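Engineer: Please read through the structure below; I'll follow up with questions.
The values are calculated or read from the model by the stated rules, or taken from the named source; none is laboratory data. For clarity, every value in this text was computed on a predicted model and none was experimentally measured. We place every Cβ from the backbone using ideal geometry, glycine too, and count neighbours over all the protein chains shown. What goes into the accessible areas is simple: the full protein's heavy atoms, side chains included, and nothing from ligands, DNA or RNA. Shrake-Rupley method; radii C 1.70, N 1.55, O 1.52, S 1.80 Å.
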Amino acid sequence: MTSPLRLLAFALLLAPSLLPAAENQRFILERPYPVAEIPEPDRSLPVTNVILMIGDGMGIHHLSAAWAANRGRLFIENCPVTGISKTWCADKLVTDSAAAGTAMATGTKTLYHRVAVCPKGNRLDSLVDKAADMGKSTGVIATCELNDATPASFCANNEKRSDAYGIIGDYPRSRADFIFGGGGKYFTQRPDGRDIFQEMQAQGYRVARSWEKAGALPSGKTLVVAAPGNLPPPSKRGDVFRQAAVKALDTLSRNPNGFFLMIEGSNIDKAAHSNNLEEMMEELLDFDRTAGAVLDWASKHPGTLVVITADHNTGAFALTGGSREQGEITGRFGSGSHDGVAVPVYAFGAGSGAFTGIYENTAIFSKIMDAFKKGAGKPVR
């Protein structure tokens, strides 16, 4: 081997150690919240209501960090059934939220960046549409802009998740009865001149542009757009996410035929993309507290199925140390992107037993549909 080749081989051997290591970040939860035991009602009862909670970008690594920070307890741990969901999309091993959201919302693997549109370009009906066809009430809650991939997968159809104005333009024909999120800047002052707030009012929606005003709205078709863009982090927005979930449950549960509600903790993903540990932990813990309110409601309303999962992992996060007793964690991010690792699924309540095992993310749609069909016309005992 010539001298230059020897030097190259030696450099290649050293390369991994010469690369800068990701820096550890530290987080301490100063005020842990209590986590109650929530009894699961009879899971053999027919399913009338389904609540699908999605932690965007939330893998088992993220939840492990939240568990340690809250002194070894999370509300999500009340779910007795667990499974694993595979997240790849039709044209890539590592998905984005649009294709992953579409898989769960419609039961179809699609192309990267498509929202409720199949690989051939045809529009797909979502669980919101399917539940409405059954006479159920429906809702979508997100902490991001409503044009973002996951809420859009349940309320719109578009080949480009980046088409914010086009996606929001689909909302007046959405069959969701309760809608909460951000993105107000895309509802008015649009290139097409439309005022989506006015159009939705014409469809019978009561519209509020802040959570403070939403609290006074009577029950009925509701649109709350609480921020011009994404909602701010929990330290600034307060308890709005949990309150929105509780209001949606109160509103939708008035329908004797039941309901379907999708709740997304959207900004876990955004904080992980930017490798912001403190903000990511804020979002994770707020998501868990919201899950606690949802599980408590489901425990008191037999015939309700709760499914909690993620669309994908974000940030290649690693929990590297800390102290459960002190609520301290240290961790590092390996990237600012998604990865292809499978994600956990947690289930609680009626029909929850169907969610054990390893399956495609499209199976979440089919399992929910099967539960609804089996429960059709069967009153809860």
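Engineer: Could you tell me whether any residue of region 328-335 is open to solvent by 10 Å² or more (accessible area, probe 1.4 Å), without any contact (Cβ under 8 Å) to a residue 40 or more places away in the chain and more than 30 Å from LYS109 (Cβ to Cβ)?
Structural biologist: no
Engineer: What single numbered condition from (1) open to solvent by 10 Å² or more (accessible area, probe 1.4 Å); (2) under 18 Å from PHE259 (Cα atoms); (3) touching a residue at least 12 places away in the same chain (Cβ under 8 Å) fails to hold for PHE348?
Structural biologist: (1)
Engineer: Let me ask another. When the residues of region 44-60 are narrowed to those that are of a type outside the set (Gly, Ala, Ser) and not in a loop (DSSP other than H, G, I, E, B), which ends up farthest from TYR346 (Cα to Cα)?
Structural biologist: Per the criteria, the residue is ASN49.
Engineer: Residues in region 287-306 that are crowded, with 21+ Cβ neighbours inside 10 Å and either small (Gly, Ala, Ser) or under 12 Å from MET53 (Cβ atoms) (or both): how many?
Structural biologist: The qualifying residues number 10.
Engineer: When the residues of region 163-182 are narrowed to those that are in contact with a strand residue (DSSP E or B) (Cβ under 6 Å, 6 or more places away or on another chain) and surrounded by 24 or more Cβ atoms within 10 Å (Cβ to Cβ), which ends up nearest to ALA99 (Cα to Cα)?
Structural biologist: Top of the filtered list is ILE167.
Engineer: Restricting attention to region 252-286, report how many residues are open to solvent by less than 50 Å² (accessible area, probe 1.4 Å), more than 17 Å from SER64 (Cα to Cα), part of a helix (DSSP H, G or I) and not polar (S, T, N, Q).
Structural biologist: Number satisfying all stated conditions: 1.
Engineer: Okay, moving on. I'm trying to understand the selection: among the residues of region 352-381, which are more than 19 Å from the chain's Cα centre (by Cα) and either open to solvent by less than 20 Å² (accessible area, probe 1.4 Å) or free of Cβ contacts under 8 Å to residues at least 24 places away in the same chain (or both)?
Structural biologist: If the condition is that a residue be more than 19 Å from the chain's Cα centre (by Cα) and either open to solvent by less than 20 Å² (accessible area, probe 1.4 Å) or free of Cβ contacts under 8 Å to residues at least 24 places away in the same chain (or both), then ALA354, ASP370, ALA371, PHE372, LYS373, GLY375, GLY377 are the ones that fit.
Engineer: Any idea which of ALA272, ALA293, ALA310 is within 23 Å of GLY353 (Cβ to Cβ) and of a type in the set (A, V, I, L, M)?
Structural biologist: Result of the check over ALA272, ALA293, ALA310: ALA310.
Engineer: Out of the residues in region 208-234 that are open to solvent by 40 Å² or more (accessible area, probe 1.4 Å) and of a type in the set (S, T, N, Q), which is nearest to ALA244 (Cα to Cα)?
Structural biologist: SER219
Engineer: Just wondering, is there one or more residues in region 147-162 that are surrounded by fewer than 17 Cβ atoms within 10 Å (Cβ to Cβ) and free of Cβ contacts under 8 Å to residues at least 12 places away in the same chain?
Structural biologist: Checking region 147-162: not a single residue is surrounded by fewer than 17 Cβ atoms within 10 Å (Cβ to Cβ) and free of Cβ contacts under 8 Å to residues at least 12 places away in the same chain.
Engineer: Quick one: is ASP339 open to solvent by less than 10 Å² (accessible area, probe 1.4 Å) and under 18 Å from the mean Cα position of the chain (by Cα)?
Structural biologist: no
Engineer: Okay, moving on. Inside region 82-98, can you point out the residues that are open to solvent by 10 Å² or more (accessible area, probe 1.4 Å) and in contact with a strand residue (DSSP E or B) (Cβ under 9 Å, 6 or more places away or on another chain)?
Structural biologist: Matches in region 82-98: THR82, ILE84, LYS86, TRP88, VAL94.
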